[in-house]
Amino acid sequence: MNLKKIYPWLVVALLWIVALLNYMDRQMLSTMQEAMKVDIAELNKAEAFGALMAVFLWIYGLVSPFAGFVADRFSKKWLVVISLFVWSAVTFLMGFATTFDQLYVLRALMGISEALYIPSALTLIADWHTGKSRSLAIGIHMTGLYTGQAIGGFGATVAAAFSWEETFHGFGLIGIAYSIILIVCLRDNPANKIQTTPKAQPKQAVNPLKGMAAILSNWAFWVILFYFTAPSLPGWAVRNWLPTLFAQDLNIPMSNAGPVSTITIAFSSFIGVIAGGILSDRWVQHNIRGRIYTSAIGLALTIPALVFLGFGHSLTAVVSAGLCFGIGYGMFDANNMPILCQIIPTHYRATAYGLMNMTGVFAGALITQILGKWSDGGELGLGFALLGGIVALAVILQLACLRPTTDNKE
């Protein structure tokens with residue numbers, strides 16, 4: 001078989017494991033509150049735990065535009081390797097934390113290192129895959145994120161079997177080892193290659209001010225920015241608070257609620273990104289707005305799901321809502337970068353995605369802290385239901401305004 005045809009999919013396979021580790025390392029903390037609060041008293045308050053989750057998001061968001069610019073300027077391979085190594089080392093060190101302040105600082109450092117990954121990885125995949133396979137390739141990569149989220153849901157289960165310290169140590173060492181494998185196996189696409197090592201590219205290739213001006217002067221990017229940010233509110237709410245919501249509504253221990261909630265979302269999102277990727281890649285061959293329509297269908301599915309997640313109090317109701325949300329969000333997730341490729345030229349895509357990531361994560365940080373307070377007041381379910389209205393506005397704006405003329409803006 002032709003290596004040129006195989007390697008683009010090998011890139012997806014290699015990055016799939018990194019994506020798994022990315023979400024596993026950040027997600028498992030959300031289910032380990034019960035185990036950790038025995039040793040760290042501040043974690044007994046939901047608001048304090050929400051602040052710990054939110055600091056990751058605030059730092060992640062602040063660094064994201066810089067991460068996008070760096071991904072357009074330097075080797076994407078080396079940025080992925082460095083990012084994985086650093087956040088895995090931070091995960092390992094979290095197992096030695098004895099105070100809330102130490103956890104807070106380490107969580108902030110994880111935000112810096114993980115922010116470098118997504119813009120680099122998605123643009124690397126887009127570099128290797130043409131329009132005929134782009135959504136599917138990115139969708140498959142996204143299943144790694146969902147799988148990591150599901151495995152992270154077992155954090156409380158593993159901590160109960162061993163200890164929360166050993167859990168952080170073990171997962172951190174796995175990531176450090178895999179970063180060495182990437183050094184050997186992963187490479188940039190020669191057609192889009194800037195440098196093979198993290199050295200600046202020639203001045204004429206990237207001008208940060210010119211690139212930022214080109215992005216922000218494109219009105220369609222502002223539409224994309226809003227439709228990406230609005231669903232990020234329930235997206236991050238589900239990642240950080242769904243285990244708690246399941247535990248409260250179903251009256252089950254967190255060691256059970258964590259796996260049930262995260263597996264439900266991960267399984268359905270897996271279906272959503274694959275279905276959304278295949279549908280989008282085929283639809284766009286006949287209608288240039290095919291990717292936009294596919295994304296809008298996905299977002300529309302999340303609206304009733306959020307209502308039932310908020311007000312459902314039976315296992316059937318909340319699991320069904322979780323499945324519907326995951327399928328819809330997966331269809332949306334698989335098409336964000338492909339839609340961006342229809343609007344933003346090749347050499348500015350990582351920067352543009354970094355800006356999108358920043359606004360999406362800031363929205364996530366805000367909703368994480370708000371839902372922490374609502375959880376203390378017993379209103380967590382209402383918060384989930386209200387987010388459906390914001391998503392509806394994003395769907396309307398997306399369908400009314402986004403009208404690309406090409407599937408790959410050069």
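Pull out a ≥ b ≥ c, the square roots of the eigenvalues of the alpha-carbon gyration tensor of the chain, then state rounded if a/c is under 1.5, prolate if not and a/b is larger than b/c, and oblate in the remaining case. Oblate, because a/c is 1.5 or more while a/b does not exceed b/c. Once the gyration tensor of the Cα atoms in region 53-200 is diagonalised, the equivalent ellipsoid follows with semi-axes of 29, 17, 14 Å, ordered largest first.
How long is the gain from Arg282 to Thr346 if the chain were fully straight, where each residue apart is worth 0.36 nm and the alpha carbon distance is subtracted? Stretched fully, the Arg282-Thr346 segment lengthens by 20.8 nm. Placing +1 on the Cβ of every Lys and Arg and -1 on the Cβ of every Asp and Glu, with nothing else charged, gives the chain a dipole about its Cα centre of roughly 1640 debye. Each of Leu14, Leu233, Ala108 was placed along the dipole of the chain (beta-carbon charges, centred on the mean Cα), and the one lying farthest toward the positive end is Leu14.
Here the label points at Phe226 and Ile176, each 7 Å from Cα along the C-beta direction, are separated by 4.7 nm in the simple model. Cα gyration tensor of region 263-358, axes a ≥ b ≥ c as square roots of the eigenvalues: rounded (a/c below 1.5), prolate (a/b > b/c) or oblate? Prolate, since a/c reaches 1.5 and a/b exceeds b/c. For Met53, the shell of other residues with beta-carbons less than 12 Å away shows a net charge of +2, using +1 for Lys and Arg and -1 for Asp and Glu.
Only helices enter the 222 nm calculation for the chain: every DSSP H run of n ≥ 4 contributes -39,500 (n - 2.57), and dividing by all residues gives -27000 deg cm²/dmol, rounded to 500.
Normalised by the number of residues in region 81-123, the mean separation of alpha-carbon contacts (under 8 Å, six or more apart) gives a relative contact order of 54 percent. For a quick check of understanding: with a 1.4 angstrom probe and all protein chains in place, what accessible area in square angstrom does Cys401 have, to the nearest ten? Number for this one is 40 Å². Candidates Tyr23, Ser295, Tyr329 compared by Cα position along the dipole of the chain: farthest toward the positive end lies Ser295, with charges placed on Cβ. Once C-alpha pairs closer than 8 Å and six or more residues apart are averaged by separation and normalised to the residue number of the chain, the relative contact order reads 27 percent. A crude spin-label estimate for the pair Ile6 and Ile252, with each label 7 Å from Cα along the Cβ direction, gives 4.3 nm. When a/c is below 1.5 the answer is rounded, else prolate if a/b is larger than b/c, else oblate, so apply that to region 106-170 with a ≥ b ≥ c taken from the square roots of the Cα gyration tensor eigenvalues. Verdict is oblate for region 106-170. Using a probe of 1.4 Å on the protein chains alone, the accessible area found for Leu399 is around 70 Å².
Each of Gly258, Ala220, Met32 was placed along the dipole of the chain (beta-carbon charges, centred on the mean Cα), and the one lying farthest toward the positive end is Ala220.
The values are calculated or read from the model by the stated rules, or taken from the named source; none is laboratory data. None of these values were measured; they are calculated from a predicted model. Cβ sites come from the backbone with ideal geometry, for glycine too, and all protein chains shown count toward neighbours. In case anyone asks, the SASA skips ligands and DNA or RNA and just uses the protein heavy atoms, side chains included. Shrake-Rupley method; radii C 1.70, N 1.55, O 1.52, S 1.80 Å.
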